[in-house]
Amino acid sequence: MRWLIVGASAFIILSLVIAWMATAVRILNVKPLKQMFPAHQNLVKAHIDYILMALLLMAFYLINVELPVWIIGAMLVGGFLNPFLFIVAAMNKPEAFRPGAVFMTITMFSFVSTTVGFAGAAILVAI
């Protein structure tokens, strides 16, 4: 269960780092970061998504229902990968971004992991 709060803390820190990167691109106009993140609006999506994942992990931690390790693992993996994919998308010009098989496979793995983890936790808390 401790891994839930550790993961939530890590996601909050990641979210803050990404918020500063988005600020550097959008407001401070830092050229190297602007070039690195041509689709910078996806940085904001990653920032928000990491906050949401952190809040969900904290909520399940505070409910204090013992969850199986595999559910916690799925929550942490999915909670990390989902927002991270927005960062990958931010590094590509929107009109040029053509996700290949590897990206799509990781995306599907991320969605399944997130769904299994958080839905599994919700079901176990409810019963």
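The values are calculated or read from the model by the stated rules, or taken from the named source; none is laboratory data. In this text, all values refer to a predicted model and were calculated from it rather than measured experimentally. Positions of Cβ are generated from backbone atoms using ideal geometry, with glycine treated the same way; all protein chains shown enter the neighbour counts.
The test for being surrounded by 18 or more Cβ atoms within 10 Å (Cβ to Cβ) and of a type in the set (Gly, Ala, Ser) holds for ALA54. Against the numbered list (1) touching a residue at least 12 places away in the same chain (Cβ under 8 Å); (2) more than 16 Å from TRP3 (Cβ to Cβ); (3) loosely packed, with under 15 Cβ neighbours inside 10 Å, ILE87 comes up short only at (3). For segment 14-26, the count of residues that are under 25 Å from MET1 (Cα atoms) and of a type in the set (Ser, Thr, Tyr) is at least one.
Is one or more of the residues making up segment 64-71 out of contact with any Leu (no Cβ under 9 Å at 6 or more places or on another chain), at pLDDT below 95 and surrounded by fewer than 18 Cβ atoms within 10 Å (Cβ to Cβ)?
Yes, the conditions are met somewhere in segment 64-71.
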